[in-house]
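The structure appears below as structure tokens.
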Amino acid sequence: MSDDKKANRGLGQNQFINESLSLNVFWLRIMKEHSLFLRLGLPCDQQELIERALFFEQAFDRLLDRAQRIQGGNVPVVRALNEESIQLTRELIEYKTRLLLMMLECRLGGFNYPLLIDHIRREAIYFVNHLERLQRGEMINPVTNLLLEEVFWLRIMADHSKFIKHLLDPSERQLVETANVFSEQLDELRFQAEDFQSFLRINPMFVPSLGRFTNDAITAITSLRDFKAQAKDLIARCEIISLIPELLADHVLREAKHSLVILRDCQR
Ligand SMILES: [Fe+2]
Ligand SMILES: [Fe+2]
């Protein structure tokens, strides 16, 4: 069976194209920004690592541009884009892994928290996994999928709260406290999502408590999204004391909005 036919086995052609393009347009920009954030946090004497980060910024920018220009339903063109995104993102994952190990072995200075490097590496792995699933035309049980997405996004949102907390100036006591409350609440929700994963692993079926839990998760992420939007406006107006660049504030806000779209979609 040809690859193009395989892609259509579980998934319609249009669904394959639409899902591939929206995944690429969202995540290629995110990957480009990760490369920028890493570069800005590297010590200025690490020329080779800085150049590698710059290579990724430019390569992801070109790929993003290509994804945005694709119009109409051409399966082979979209398959080729997916393949290139997978290859480039795999290289970025290797780079992130290298930086993370250097940080953990105290062989690299700079200002990239290891948890941040691990976090953006998890995001890159998520992107590759989703692209590979699309390339294989694979369908997942909806409950298993909902739980995978919940565990992933709740951890991402808890991490964001921690980054905000640790990048705010310590004098911003009220905002630090708010970020901390979000961090704890989202961690608790992630543990609960992992409990559901365990309950339903053998028999993944939709139970009413999972519906209630998903609403709780969506409500918590919605509040965090509003907090991030407010923080982003304050940063833009220079009304907050922090080490958070406006682009990073926008980046985490976009991820919160994206997670809400995904979770609402899985809920249906
Ligand atoms: Fe990110
Ligand atoms: Fe993130």
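Selection within the stretch 68-91: residues that are aliphatic (A, V, I, L, M) and over 18 Å from the mean Cα position of the chain (by Cα). The member of this set that is surrounded by the most Cβ atoms within 10 Å (Cβ to Cβ) is Val78. Determine if the stretch 92-113 includes at least one residue that is under 22 Å from Ser20 (Cβ atoms) and within 19 Å of the chain's Cα centre (by Cα). Within the stretch 92-113 (the criterion being under 22 Å from Ser20 (Cβ atoms) and within 19 Å of the chain's Cα centre (by Cα)), the answer is yes, since at least one residue qualifies.
Filtered by the rule that a residue be more than 19 Å from Arg155 (Cα to Cα) and either within 16 Å of ligand 2 (Cβ to nearest atom) or surrounded by 17 or more Cβ atoms within 10 Å (Cβ to Cβ) (or both), the stretch 247-268 gives a lone residue, Leu247. Only residues that are surrounded by fewer than 18 Cβ atoms within 10 Å (Cβ to Cβ) and assigned to a helix (DSSP H, G or I) were counted in the stretch 103-125, giving 6. Only one of the listed residues (Ile244, Ile218, Ile262, Ile235) is in a helix (DSSP H, G or I) and within 16 Å of ligand 1 (Cβ to nearest atom). That residue is Ile262. Selection of the stretch 182-200 for residues being of a type outside the set (Asp, Glu) and touching a residue at least 12 places away in the same chain (Cβ under 8 Å) yields Phe182, Ser183, Gln185, Leu186, Leu189, Arg190, Gln192, Ala193, Phe196, Gln197, Leu200. Regarding Arg237, is this residue among the charged types (D, E, K, R) and within 16 Å of ligand 2 (Cβ to nearest atom)? It is false that Arg237 is among the charged types (D, E, K, R) and within 16 Å of ligand 2 (Cβ to nearest atom).
Among the residues of the stretch 149-178, those identified as without any contact (Cβ under 8 Å) to a residue 40 or more places away in the chain and assigned to a helix (DSSP H, G or I) are Phe152, Arg155, Ala158, Lys165, Arg173, Gln174, Val176, Glu177.
For (1) within 15 Å of ligand 1 (Cβ to nearest atom); (2) touching a His at 6+ places or on another chain (Cβ under 8 Å); (3) modelled with pLDDT under 95, each residue gets a yes or a no:
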position	(1), (2), (3)
Tyr113	yes, yes, no
Ile125	yes, no, no
Ser161	yes, no, no
Ser171	no, no, no
Phe199	no, no, no
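Total residues in the stretch 130-181 satisfying the condition of being closer than 27 Å to Thr219 by Cβ, loosely packed, with under 14 Cβ neighbours inside 10 Å and polar (S, T, N, Q): the figure is 3. For Asp45, are the conditions met, namely being more than 15 Å from ligand 1 (Cβ to nearest atom), surrounded by 14 or more Cβ atoms within 10 Å (Cβ to Cβ) and either assigned by TED's automatic domain parsing to the domain that holds Glu123 or of a type in the set (S, T, N, Q) (or both)? The answer is no for Asp45. When Asn74, Asn14, Asn24 are screened for being within 16 Å of ligand 1 (Cβ to nearest atom) and of a type in the set (S, T, N, Q), only Asn24 passes.
Is it the case, given these coordinates, that Leu131 is more than 16 Å from ligand 2 (Cβ to nearest atom), aliphatic (A, V, I, L, M) and within 21 Å of Phe60 (Cα to Cα)? The answer is yes for Leu131. Considering only the stretch 139-152, I want to know if a residue exists there that is under 28 Å from Val181 (Cβ atoms), within 15 Å of ligand 1 (Cβ to nearest atom) and either in contact with a Gly (Cβ under 8 Å, 6 or more places away or on another chain) or not assigned by TED's automatic domain parsing to the domain that holds Leu11 (or both). Within the stretch 139-152, one or more residues are under 28 Å from Val181 (Cβ atoms), within 15 Å of ligand 1 (Cβ to nearest atom) and either in contact with a Gly (Cβ under 8 Å, 6 or more places away or on another chain) or not assigned by TED's automatic domain parsing to the domain that holds Leu11 (or both).
The values are calculated or read from the model by the stated rules, or taken from the named source; none is laboratory data. Since this is a predicted model, take the numbers as computed values, not measurements. All Cβ positions, even for glycine, are placed from backbone atoms using ideal geometry, and neighbour counts span all protein chains on display.
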